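Below is one structure. I have some questions about it.
The values are calculated or read from the model by the stated rules, or taken from the named source; none is laboratory data. Note that the structure is predicted; figures quoted are calculated from it, not measured. So basically every Cβ, Gly included, is an ideal-geometry build from the backbone, and we count neighbours across all protein chains shown. Areas reflect the complete protein model, heavy atoms only, side chains present, ligands, DNA and RNA absent. Shrake-Rupley method; radii C 1.70, N 1.55, O 1.52, S 1.80 Å.
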Amino acid sequence: MARDDESGGAGHRGLIVGSGENDPCENGIPLGPPGIGRTHLAVGLGVKVVHAGYSVLFDTASIWIARLAASHQAGRLEAELKKIRRYKQIIIDEIGYLPFDQDAANLFFRLIASRYEHGSVMVTSNLPVGRWGETFSDDVVAAAMIDRLVLTLTGGSYRARQRRELLGKADGDGCR
């Protein structure tokens, strides 16, 4: 992997770059305890995306937050998010190891929201998604991020599907 020098380079693990025609990118969330290969899997999938001709940007969650916070403090967060949207996939490693304060959680949400329907996100975590509220200091922000990540991964929101089923049963009973 090459260094992402145009984003400051310091502390960045790498940048994988390519371009192509077929879109193999999907959101993904490898979960599990330390040592089982989440990062290895995410990097391997990122390399596969590069082999398909697309660009991928990889870093740890703490480095992503530092990058976004620096951009925000410099008054160029929107420009940074736009630059990140150029990549077909971003990989965010190690969600859950360190908790984020409210400002960091909000910046992270802005990153995930800016990617929604523009490119894929791969997130690795040692925590089940149901505990992400602990990491992001806010259950609502965590749920909104999860919905944006899992919606693309599964092809439909679990809550939306449940609502449709409930409404279908209500319609069958003559209720609305």
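Kindly provide the set of residues from region 80-137 that are in a loop (DSSP other than H, G, I, E, B) and crowded, with 19+ Cβ neighbours inside 10 Å, ordered by number.
If the condition is that a residue be in a loop (DSSP other than H, G, I, E, B) and crowded, with 19+ Cβ neighbours inside 10 Å, then TYR87, LYS88, GLY96, PHE100, GLY119 are the ones that fit.
Moving to a separate point now. Only residues that are touching an Asp or Glu at 6+ places or on another chain (Cβ under 8 Å), touching a residue at least 60 places away in the same chain (Cβ under 8 Å) and among the small types (Gly, Ala, Ser): list them for region 94-128, please.
Result: SER120, SER125.
Just to be sure before I move on: is GLY156 among the small types (Gly, Ala, Ser), modelled with pLDDT of 65 or more and open to solvent by less than 60 Å² (accessible area, probe 1.4 Å) in the structure I sent?
no
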